[in-house]
1. Filter the stretch 36-50 for residues that are open to solvent by 30 Å² or more (accessible area, probe 1.4 Å) and acidic (Asp, Glu); which is farthest from ligand 2 (Cβ to nearest atom)?
2. Could you check Glu117 against (1) within 16 Å of ligand 1 (Cβ to nearest atom); (2) over 15 Å from Asn164 (Cβ atoms); (3) in contact (Cβ under 8 Å) with a residue 24 or more places away in the chain and say which number it fails?
3. Of the numbered conditions (1) open to solvent by less than 30 Å² (accessible area, probe 1.4 Å); (2) at pLDDT below 95, Asp544 satisfies every one except a single condition; which is it?
4. Only residues in the stretch 624-646 that are acidic (Asp, Glu) count as the first member; pair them with residues that are surrounded by 12 or more Cβ atoms within 10 Å (Cβ to Cβ), Cβ under 7 angstrom, at least 6 apart or cross-chain, and list the lot.
5. Kindly establish whether Ile102 is of a type in the set (A, V, I, L, M), open to solvent by less than 70 Å² (accessible area, probe 1.4 Å) and in contact with an Asp or Glu (Cβ under 9 Å, 6 or more places away or on another chain).
6. Hey, can you tell me all the residues within the stretch 340-370 that are crowded, with 24+ Cβ neighbours inside 10 Å and either within 16 Å of ligand 2 (Cβ to nearest atom) or closer than 21 Å to Gly57 by Cα (or both)?
7. State which residue is farthest from ligand 2 (Cβ to nearest atom) when the search covers only the stretch 309-329 and only residues that are assigned to a helix (DSSP H, G or I) and under 22 Å from the mean Cα position of the chain (by Cα).
8. Quick test for you: out of Gly236, Gly240, Gly159, pick the one residue that is touching a residue at least 60 places away in the same chain (Cβ under 8 Å), away from ligand 2 (no atom under 16 Å from the Cβ) and small (Gly, Ala, Ser).
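The values are calculated or read from the model by the stated rules, or taken from the named source; none is laboratory data. Keep in mind it's a predicted model, so treat the numbers as computed, not measured. Please note: Cβ atoms are built from the backbone with ideal geometry, for glycine as well, and neighbour counts cover all protein chains shown. Protein only, heavy atoms only, side chains kept; ligands, DNA and RNA dropped before computing areas. Shrake-Rupley method; radii C 1.70, N 1.55, O 1.52, S 1.80 Å.
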Amino acid sequence: MAINYGDCDGKVVGKVERTVGLIYDETMCKHDTPDGEDHPECPDRIRVIWEKLQLAGVSQRCVVLGSSKAEDKHLQLVHTKDHVNLVKTLSTKQKDYRRNKIASQLNSIYLNGSSSEAAYLAAGSVVKLAEKVAQGELDSGFAIVRPPGHHAETDEAMGFCLFNNVAVAASYLLNERPDLGVNKILIVDWDVHHGNGTQKMFWKDPRVLFFSVHRHEYGSFYPAGDDGDYDMVGEGLGEGFNINVPWDQGRCGDADYLAAWDHILIPVAREFNPDIILLSAGFDAAIGDPLGGCRVTPYGYSVMLKKLMEFAHGKIVMALEGGYNLDSIAKSSLACVEVLLEDKEIQASSEAYPFESTWRVIQAVRKRLCAYWPSLADELSWKLINQKVPTPIILISSSDSETEDDAQGLLDQMSKLSIENHQVDTARTSWRADLAKVDVWYASFGSNMWKPRFLCYIQGGLVEGMKKACVGSMDKSPPKEIVWKTFPHRLFFGRESSPSWGVGGVGFANPLANHNDQIHMCLYRITLEQFNDVLCQENCLNVDTDLPVIDLAGLQLAENKGAIIPEAVSNSWYGSVVCLGKECDIPILTMTCTLSVFEKFKSGEIHLRPPAKAYANTFIRGLVEGGRFSAEEAEAYIDKAASTPL
Ligand code: Q9C
Ligand code: ZN
C-alpha cells in the first residue's frame, strides 16, 4: 500500500491508498473485422476506457503495467492443444479468406491478421495481473483487454471470445502457482451474457466458485440454451460451486443486481471465503448498452464492486468482457477503478425496487442452492419481496440486439416511481381511500377476459399484439377473485380502430338485456377505486383525477336503475356503466357504449366491424384459459357475434 499525506484543514492526515494495477495495450486494438465493417466489439472499446481513466486523472494514481503474451502451456490449462494452435496460426501468414472461412464456422466470431496477437495479449495480461495481485504486489487491478473471454470454451471460440482470459488466469493460479497459496477462487461474471465457457471449465472443480448473473429469458438470450439456468449447479466435487442467476426479463437495473448481491452472492461469498476474486467485468448490462437491454448505472457497478471488497482482503482482478456502449463502458470502468482505489464514499442511488421477476429468480436460486450454502436457506420475508415493480406482462420482442421501445422504458420508470408516489396520491385524493373499501365485480366480455391483458389495466404494461401500453391503476393489487357468468346481453364488435389494437372493431355489450341473447363474461373482483381506474383507461382518460368517475352514489344509482352514464365518460366509447345484478352480495358492473351509440351501431351510422386479429386472439385465449370454451368454440362464438346483424 502506498501512503499519501494530504493537508486537510491545516492538519496533516495520513491516507492509505490502495495499489491498483492497470493493463492496457494499444496492440489489442488491432483485432478488428477483416473488411472494416462495423461491429459492436470494436477497438475503440478499450481505447475509450483508457482515455477516460487518463482524463479523470485516475490512471496516474494506478500502477500501469505492460501487457504480456500468454504462454501456450498456460492456455492449455483450460483449452485444447488444437484450439490454442488454431488461434496461434490465425496470424499473418494466413490469408483473409482462410480466416473468414474459419470465422464463418464459428458462432459470432470475426478474425483478422491481428486477432491472434490480441488474444494472446488479452489472456496473458489477465494472468500477469492475477499473479501480481495474488502475490500481494498489487492490491487489485483492472485488465482492459479485448477480445473478451468468457464465452470461449475448451475447444471453441464463440461470442466474440477467442481465449477464456479469466479461466486461464484462475487455472494458472491454482495449478501453476502453489507458492502463492491461492486455494479458492471466486469468479464473478456480471457480463449481461452467461459465462458459458468459464462455467464448463470449472464445472467439477470445487476450488472455483463460479457466479454468473445474466439475461436468460428461459434460454432465449445469447448464448441461448439451458447452460445458464439456475439448475446448473456443477457436478461431482464441484456440485454447488456453480451459481447462475438467470434474469427472466431485460431492463434489469441497480436494484435487481443489488438484490442478487445481497441475497445470493454476498452470503455465499462469506461462506466460501475466497483467497482472491476474479471479475469477468463485462459492462453490457449497463444502461444504454445496445446488446444488453439492461440498466445498471456506474453507481450500481461501484456498489456491486464495493460489496466484493470485503472478501479476500480486497484482492480483486477485474478483466473486461463485453460492453458495447462506449460512453457507458468508460463511465462504468471509471466508477469501478475509483472503488478499487477506495477513492470516495459511494453516493446514494435513486432507483426504487427490483422487478417482481427478480424476486422470483432469486428465490428459485436460493432454494436450489441452499443445500450447499446454508446462508441461503431462510425464506425471504414477505415484506422484502413486496418491494417490487409490477412487471408488465409480455414484453416487446426481445432479441440479442434489442430495440427497446421508448414507451416501454418510460412506463417502467413510471411504475418504479409510482410505488413511492402511491401513498402520497392516496392521501391527496381522498376519494381513493373511500372507494378502496368497496368491492365490485368488473364483468369483462372482450380481450379483458384474458387475465394477463386485464392485469395491464391494474399493473400497467401490455401483452402481445397490443399497440399501446396501459399505465395501470393506482392500486396495483390483483383481483381478489375471478368467476365466469353468462348474461342476457348481446356481444357485438364495432369501431374502425382502437388505440390498443389498431384497425378493427372491439367488443361491446348491448346495454339492454334481451333474453334471446347470451354474453359470456369474466368477472374480476376489484375495488371500486380500481374500477374507476379501469374505466378511465378504457376511455383513454387520465387515471390521476381529483374526482372519481363513479363514486358510491353513482354505484347506488347504477344498482337501482340498471345503468348510468357518468358525466366524465358520457362522450367516450365506454360511456355506460351497467349493473348486471349481484354475485355474493357484491354488485356486478360492466362498461359498454351508451344506448344512443348502440342505436347508431344498429342504424349503420357507426360501423360494425369484425375485431382485429390480435384482439380476437386475446379474446380467444381468455375464453380458453378461463375454461369456458375450446379454441374452436371460442372462435365460433366470436365469429357469430361478429357476423350477426344487430
Ligand atoms: N443472434 C460478449 O458480450 N450475439 N459477447 C450474437 C446472434 C453475440 C456477446 C447474436 C453476443 C456475444 C463477450
Ligand atoms: Zn456480454
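1. Applying the filter and picking the extreme gives Glu37.
2. It fails just one condition, (1).
3. (1)
4. Glu625/Trp450; Glu635/Ile620
5. no
6. If the condition is that a residue be crowded, with 24+ Cβ neighbours inside 10 Å and either within 16 Å of ligand 2 (Cβ to nearest atom) or closer than 21 Å to Gly57 by Cα (or both), then Leu340 is the only one that fits.
7. Here the answer is Asp327.
8. Result: Gly240 is the single residue among Gly236, Gly240, Gly159 that is touching a residue at least 60 places away in the same chain (Cβ under 8 Å), away from ligand 2 (no atom under 16 Å from the Cβ) and small (Gly, Ala, Ser).
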